[in-house]
Amino acid sequence: MRIQSIRVLSGPNYWSIRRQKLIQMRLDLEDLQERPTNEIPGFKEGLEALLPGLWEHHCSRGCYGGFLQRVEEGTWMGHVVEHVALEMQTMAGMAVDFGRTRETSTPGTYNVVFEYQEAEAGRFAAKAAVYLCQALVDGEDYRRDLELDIQELREIRENVRFGPSTQSLLDEATLRGIPHLRLSKGSLVQLGYGVHQKRIEATTTEKTSIIATDLAGDKRATKELLQDMGIPVPKGYTVRRRSELKATIEDVGGYPVVIKPLNANHGKGITVNITSLEAAETAYDAASQHSDVVLVEKHLVGEDYRLLVINNKLVAVAKRIPAYVVGDGRSTIQELIDEVNKDPRRGFGHENVLTLISVDDMTRRVLEGKGYTLDTVLPRGEHCTLKSTANLSTGGIAVDCTDIIHPYNLFIAERAAQIIGLDVAGIDLICPDITQPVNETGGGIVEVNASPGLRMHLAPSEGLPRNVAEPIINMLFPPGSHTRIPILAVTGTNGKTTTTRLIAHILKGIGKRVGFTTTDGVYIQNHQIAKGDMTGPYSARLVLRDPTVEVAVLETARGGILREGLGFPESDIGVVLNVTSDHLGIGDIDTLEEMARVKSVLVEAVHERGYAVLNADDGLVAAMAENVKATVAYFSMNPENPLVQKHIASGGTAAVYEEGYISIVKRGWKLRIEDVTNIPLTLSGKASFMIQNALAATLAAFLHGVSIDDIRMALGTFTSSVAQTPGRLNLFDVGGYQVLVDYAHNAAGYEAIQTTLERWDCQQKIGVIGGPGDRRNSDLQELGVLAARMFDRAIVKEDDDRRGRDPGEVAALIRQGWEQEKAGSSLQDILDEAEAIETALEKAETGDLVVIFPADVQRTIQIIGRFQDKLNPKPSYRSSSYSMGPDFVPHPHSGKPLEVDGVTATGTPE
């Protein structure tokens, strides 16, 4: 078997809307395509022996043992790899159960799709599953390798997954409907989107004061401040040299003492209950590894309690007990540790309620202080502490005591948190009995910790679990707070960029700060912050992460959906413009129905309170209504479209082009928005495909709550210009002829321009044509056919990136199509795009129309600008400007040109 590719999907995707975290592996079975599992000797038996948990996989049979029945009867190896990858992750503490395996159009090659919890672990499981299955086929012993694989998966899980504190906050946020984005490989997380976002890092929140955090990290300053404020604390002093230890221990009142680093956390370098100078020197050496300054404190006698204070309120109390073993009179300490670690509640890292007890330098130091080693046999019943701290991560246990704390102890804990100034504080209190006031029983606060762990309260070893994540989320987002920004997403084969930009323009016109993504970049308001094709999940998340954005408008292309899934779990409005044959044969999408399934992901991910805006004139798009949970609204160029009429009759909303107007029809009432001759984008109604884009944008804006007057105003101030829609029907005056630039690169795009040119009055129509090299041969030939019908003569060129084609190959295929329609020498080959454009402009004559279909829009605009400057020494337009030509109609509702988005309605960039 050969792995061809592995993709990590992290949002709604082609395979599932709900299961958003999926691995998609393209796997070539090679010779195993001819060998189903029932024809491989011993395969089922070996698989069961290695992975007995496969018995629980129901598969399509819907019962225990269902998958193994399929193996026994005979199934293909891709299907087996799917289940093995799921089971290996489950064995490593990451329970997953969703999978799909489908053969591609290439015989013997399968897409193996399965769920993951952690992406890196999912990738590893994909490869390991293939290795395991191949080993069984080859008759090799994989038992030891499987043990190593599972341990590797566990280590990956612990290295990349969120800790229990962060995860609990994310789980609570999810219950509140608050989305999140991971901002780093660590625990830095954004809760909410855009202007409503808040950030956390574990239990450090954006409300956490840096002064308070620094203060809590300086144990000496914390003690002094608390002591000055009347809070009981142990007596202590700092030392910088070993030689100071003896005198300092006498100053704090003698043994026993505690020695700890001045500014470390999580129990690092701490030694407690020190009773000799020799032990103190060893403890000093351990502490000085973490801090140049070491704190010596009087050891307080009593139990170790952690008091959690959130937003100045105590919410949980836990008694912490260090890891220990109890002697049986015959076993060594190491053997006792091994026996304790067999407790099913203990696991690697954070996978279970308790953590495995590890033997480290702290353990050896504690045992050495008792005169023990790991080989010591403890007398029966002797309790032997193994750690100097009670952290759960070192094998300690926690007992919930929240309901029994004395009011005075609660009072000093809340007061200590406020004195230090922490919004989330872990107060370490040592006292004989938490039910009695420490001012009577003795004891005190030994530390105040910033960013305290929550695990001991969420899942104590004994006692009642406490949902301590809820008060943190409520502090950040009080009930009723906004947490999301509206997301309007647009997909389709053609028209996505223009529709996206028009929606963004409408929303900016009502004062919203808009972030939007397009094929030429990411924009925040009027500023391009990233260049290039930005229509995938990365760019979507970029907008959602921006703290200034109030509304997101996201162009969403096929490639990003297939590559990673959507960049957001759900949206408010989804728009699907059309589905045509472009990109077929790429990414295992070979039919129009499969392409429609890809595009449908966008509207299926709209939440049930949102809207799916669908093109009623496209049967594949209209059929998507069957699978959406949102309210459906249609747009159509035909007001008599039967689907639209039925939809309106049942109380639905639609946008239609009727009697020259863009109109909204709602509950039987017709609301006329604007005459298309007053919408510059449509070239006074010549460009029918632009009318369709305007319909979709108008309907989306209307459903979002924008008023008709505001929509009308925006339609009248949005132009097919370099400034507002670069590469989308941009018209230039160059001397005595005109130049039209459009990013049409597929058959549907060519057909749309052809329809527009049929109404164009000019001398000759000259084309500069081409197509992307990764399209099918038949697609490129069709471009030639359409170009021949559209132009009197043309130049065929090739993109700079030929996408795997040889030089001249794309041009030859386009020429084949052209010559089917138009024989002769009316088509010229100039493969270099820039040279082809320059040649067309040089040869154009007065009254001609030159139409350019560029791959590089900006370069094309620059070339045209140079020709404008050469032919017009004192141009009225700059090189990056445009003219709408004689048919341009200013907005009728304005007495003077309006400036919107830095562009006046007359088309001059400001």
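The values are calculated or read from the model by the stated rules, or taken from the named source; none is laboratory data. All figures in this text were calculated on a predicted structure; none of them were measured in a lab. Here Cβ is always computed from backbone atoms with ideal geometry, including for glycine, and neighbour counts include all displayed protein chains. Just the protein is used for accessible areas: all its heavy atoms, side chains included, with ligands, DNA and RNA removed. Shrake-Rupley method; radii C 1.70, N 1.55, O 1.52, S 1.80 Å.
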Across (1) open to solvent by less than 50 Å² (accessible area, probe 1.4 Å); (2) outside any loop (DSSP other than H, G, I, E, B), G93 clears everything bar (2)
Scanning the range 786-811 residue by residue, those part of a helix (DSSP H, G or I) and under 42 Å from the mean Cα position of the chain (by Cα) turn out to be L786, A787, E809, V810, A811
Residue identified as among the aliphatic types (A, V, I, L, M), open to solvent by 10 Å² or more (accessible area, probe 1.4 Å), more than 20 Å from I178 (Cα to Cα) and within 24 Å of the chain's Cα centre (by Cα) among I510, I524, I503: I524
Answer with yes or no whether V553 is assigned to a strand (DSSP E or B), over 20 Å from V706 (Cα atoms) and open to solvent by less than 10 Å² (accessible area, probe 1.4 Å). no
Under 7 Å between Cβ atoms, which residue pairs at least 6 apart in sequence (or on different chains) link something in the range 276-304 that is closer than 24 Å to I397 by Cα with a partner that is at pLDDT below 90 and open to solvent by 40 Å² or more (accessible area, probe 1.4 Å)? A286/R365; H299/V272; H299/N273
Do you know which of the residues in the range 820-875 that are basic (K, R) and assigned to a loop (DSSP other than H, G, I, E, B) is farthest from F791 (Cα to Cα)? K874
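Assess whether L488 counts as being modelled with pLDDT of 95 or more, open to solvent by less than 10 Å² (accessible area, probe 1.4 Å) and in contact with a His (Cβ under 8 Å, 6 or more places away or on another chain).
Working: modelled with pLDDT of 95 or more: yes; open to solvent by less than 10 Å² (accessible area, probe 1.4 Å): yes; in contact with a His (Cβ under 8 Å, 6 or more places away or on another chain): yes.
Yes; evaluated as a whole, the condition is true for this residue.
Among the residues of the range 323-337, are any assigned to a helix (DSSP H, G or I), at pLDDT 90 or above and open to solvent by 60 Å² or more (accessible area, probe 1.4 Å)? Give the derivation first.
Residues of the range 323-337 assigned to a helix (DSSP H, G or I): 333-337.
This time we only want the ones that are at pLDDT 90 or above, so: 333-337.
If we keep only those that are open to solvent by 60 Å² or more (accessible area, probe 1.4 Å) too, we end up with 335.
Scanning the range 323-337, I find at least one residue that is assigned to a helix (DSSP H, G or I), at pLDDT 90 or above and open to solvent by 60 Å² or more (accessible area, probe 1.4 Å), so the answer is yes.
Mind listing just one residue for me: the one in the range 147-163 that is open to solvent by 40 Å² or more (accessible area, probe 1.4 Å) and part of a helix (DSSP H, G or I) and, of those, farthest from G53 (Cα to Cα)?
Once the filter is applied, the top-ranked residue is N159.
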For the range 73-92, which residues satisfy the criterion of being in contact with a helix residue (DSSP H, G or I) (Cβ under 6 Å, 6 or more places away or on another chain) and under 26 Å from E147 (Cβ atoms)? M77, V80, V81, H83, V84, A85, E87, M88, Q89, M91, A92
Candidates P460, P479 - the one that is within 30 Å of V551 (Cα to Cα) and open to solvent by 10 Å² or more (accessible area, probe 1.4 Å): P479
Scan of the range 385-439 for residues that are in contact with a strand residue (DSSP E or B) (Cβ under 8 Å, 6 or more places away or on another chain), among the small types (G, A, S) and open to solvent by 10 Å² or more (accessible area, probe 1.4 Å), ordered by number: S388, S393
Output yes when any residue across the range 56-66 is under 21 Å from L146 (Cβ atoms), crowded, with 21+ Cβ neighbours inside 10 Å and at pLDDT 95 or above, and no when none is. yes
Out of the residues in the range 668-706 that are without any contact (Cβ under 8 Å) to a residue 12 or more places away in the chain and out of contact with any strand residue (DSSP E or B) (no Cβ under 7 Å at 6 or more places or on another chain), state the one that is farthest from L507 (Cα to Cα). W669
Considering only the range 701-709, I want to know if a residue exists there that is open to solvent by less than 40 Å² (accessible area, probe 1.4 Å), of a type in the set (S, T, N, Q) and on the phi < 0 side of the Ramachandran plot. no
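Kindly state which strands (runs of 3 or more DSSP E) lie completely within the range 170-243 and contain at least 1 residues that are open to solvent by 40 Å² or more (accessible area, probe 1.4 Å) and within 26 Å of V549 (Cα to Cα). Give the steps one after another, and end with the answer.
Details: elements: 180-182, 188-191, 198-201, 236-239.
The strands (runs of 3 or more DSSP E) meeting that bar are 180-182, 188-191, 198-201.
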Here the qualifying pairs (Cβ atoms under 8 Å; residues six or more apart or on different chains; first in the range 133-145 and crowded, with 19+ Cβ neighbours inside 10 Å; second in a loop (DSSP other than H, G, I, E, B) and aromatic (F, W, Y)) come out as L136/Y142
Name, by its number, the condition in (1) touching a residue at least 12 places away in the same chain (Cβ under 8 Å); (2) open to solvent by 30 Å² or more (accessible area, probe 1.4 Å) that does not hold for A823. (1)
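Quick one: how many residues across the range 1-52 are assigned to a loop (DSSP other than H, G, I, E, B), within 30 Å of R558 (Cβ to Cβ) and touching a residue at least 12 places away in the same chain (Cβ under 8 Å)? Walk me through it before giving the result.
Restricting attention to the range 1-52, the residues satisfying the condition of being assigned to a loop (DSSP other than H, G, I, E, B) are 1, 10-21, 29, 35-36, 40-42, 51.
From what's left, within 30 Å of R558 (Cβ to Cβ): 1, 10-21, 29.
With touching a residue at least 12 places away in the same chain (Cβ under 8 Å) added as a condition, the list becomes 1, 10-17, 19-21, 29.
Qualifying residue count for the region: 13.
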Options A286, A279: the member that is part of a helix (DSSP H, G or I) and open to solvent by less than 20 Å² (accessible area, probe 1.4 Å): A286
Is there any pair linking a residue in the range 368-385 that is farther than 14 Å from N273 by Cβ and of a type in the set (A, V, I, L, M, F, W, C) to one that is open to solvent by 50 Å² or more (accessible area, probe 1.4 Å) and part of a loop (DSSP other than H, G, I, E, B), with Cβ under 7 Å and at least six apart or on different chains, and which? V377/R330
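Taking V366, is it open to solvent by less than 70 Å² (accessible area, probe 1.4 Å) and part of a helix (DSSP H, G or I)?
Working: open to solvent by less than 70 Å² (accessible area, probe 1.4 Å): yes; part of a helix (DSSP H, G or I): yes.
So V366 fits the description; yes.
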Options R802, R776: the member that is out of contact with any Leu (no Cβ under 7 Å at 6 or more places or on another chain) and over 23 Å from L841 (Cβ atoms): R802
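Which members of the range 646-678 meet the condition of being part of a helix (DSSP H, G or I) and surrounded by fewer than 16 Cβ atoms within 10 Å (Cβ to Cβ)?
Within the range 646-678, K646, A649 qualify.
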